[in-house]
Amino acid sequence: MMGYLDVRLINLIDPYVSYKTVWDLGCGKDAPHTSLFINLFSSKIVAVDKDLDLPNKDQITMMKSLFKDIDPPDQIDVAFLSWPINHATPGLVNILEKAEVIIYVGNNVDGNQCGNKELFHHLIGREVLECCPDRTNTLMVYGRNQRTGLDLYGEEKAFFSTERIMTFSEAHS
C-alpha cells in the first residue's frame, strides 16, 4: 500500500515527530497521516495539498495550496513526504530547505518512481539519520547536516538509475 506506515516505521519516526511541528507536504485530499502525527504527540501539523478539502481542527492547519505559493517560516521542525509525485513540484525544495528533518516514504524500485530530480538532488546533500528499506515503502529520515561521502542509499540509487529499472535486491545490496 502506497504511503502506508506499519508499526516498525511508526516507531522509527516517533522520536522525530513527537512534540514537533510537522509539515505533511502533499498530504492528499483526505490528509490520512494527520491523525497518526496527533497520536505521536506532534505539537502541530500543517497539512498541505493542492486538492485538500478539510477544515482546520485542533492542532491541524489545513493548507490548500501549491508549494510554489507558500512562504514557509524560517524553520520547520519536520517535513514529511509520502510517495511524492514524480514530476516537477515548484516550491517544494524551497520548503524543504527550511526543515530540520525530512521524512521520506516512497519506493523507486521495481518500476515505481517517487519524487523528481530536484527533490533527490536536495535529499542526497543531507545526512541520513535513518534508512529502513522495504519493498513497498522505504523510509528515509534526513537531517539538516551535509552528508559526508558520496555513497547513495538504495532508494536514492534506484531513483538515479537511468540505464534500467532496479529491483529491490539490486538497489539495497
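FYI, it's all coordinate maths here, none of it is from the lab. No experiment lies behind these values; they were computed from the predicted model shown. For neighbour counting, all protein chains shown are included, and Cβ atoms are generated from backbone atoms with ideal geometry for every residue, glycine included.
Of note:
- Fewest-first sequence of His121, His172 by Cβ atoms within 10 Å of each Cβ: His121, His172
- Within the same chain, lysines fewer than 8 places from Lys44 are excluded, and of the rest, those with a Cα less than 26 Å from its Cα are Lys20, Lys29, Lys57, Lys64, Lys68, Lys98.
- Compared with the direct C-alpha span, the chain from Arg147 to Asn39 gains 35.8 nm at full extension, assuming 0.36 nm per residue.
- Residue-by-residue Karplus 3J(HN,Hα) for segment 72-83, coefficients 6.51, -1.76, 1.60, Hz, glycine and proline x: x, x, 5, 9, 10, 4, 9, 10, 10, 10, 10, 6
- Around the Cα centre of segment 35-173, unit charges on the Cβ atoms of Lys, Arg, Asp and Glu (plus for the first two, minus for the last two) sum to a dipole of about 80 debye.
- Relative to the longest principal axis of the Cα atoms of the chain, the long axis of helix 7-17 lies at roughly 60 degrees.
- Segment 1-69: antiparallel DSSP beta bridges as a percent of all, rounded to 5: 10
- Each Lys and Arg Cβ is given +1 and each Asp and Glu Cβ -1; about its Cα centre, segment 1-94 then shows a dipole of about 60 debye.
- Kirkwood-Stokes translational diffusion coefficient of segment 54-111, alpha-carbon pairs, 25 °C, 0.890 mPa s, µm²/s: 188
- Electrostatic bookkeeping for Lys64 treats Lys and Arg as +1 and Asp and Glu as -1; over the other residues with beta carbon under 11 Å from its beta carbon, the sum is -2.
- Based on the Stokes-Einstein relation at 25 °C and a viscosity of 0.890 mPa s, and on the Kirkwood radius from alpha carbon pairs, the chain is assigned a translational diffusion coefficient of 152 µm²/s.
- Each listed q (0.15, 0.30 Å⁻¹) maps to a log10 I(q)/I(0) for segment 4-65 from the Debye sum over equal C-alpha point scatterers, namely -0.41, -1.27.
- Antiparallel bridges, percent of DSSP beta bridges restricted to segment 68-173 (to nearest 5): 60
- Residues Phe160, Phe67 arranged by fewest to most Cβ contacts within 10 Å: Phe160, Phe67
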